């Protein structure tokens, strides 16, 4: 799988998935939004609400809350 190869090659500290379905298809496991307990290829995993226009179920405020949580996590890793 191309994504797995890139994760192994570049070894990021954090991987963010745009939508639960994307993460669940990649891992074969169900998830909740936010920081996951399991790492992927040594990277922390954060699942965001989908930004797709078809994702009418997630309000903008919810999407922004998770984006801010991810931004705080990235900032924490830089410091």
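Values quoted throughout were computed directly from the atomic coordinates according to the rules given, and no laboratory measurement underlies them. Remember, it's a predicted structure, so these values are computed and weren't measured experimentally. We place every Cβ from the backbone using ideal geometry, glycine too, and count neighbours over all the protein chains shown.
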Inset, instruction - Scan the range 45-52 and give yes if some residue there is outside any helix (DSSP H, G or I) and out of contact with any helix residue (DSSP H, G or I) (no Cβ under 9 Å at 6 or more places or on another chain), otherwise no. - result: yes
Inset, instruction - Name every residue in the range 16-40 that is surrounded by 14 or more Cβ atoms within 10 Å (Cβ to Cβ) and assigned to a loop (DSSP other than H, G, I, E, B), in order of residue number. - result: 19, 31, 33, 36
Legend entry - Odd one out for residue 13, checked against (1) exposed (fewer than 11 other Cβ atoms within 10 Å of the Cβ); (2) closer than 19 Å to residue 71 by Cβ: (1)
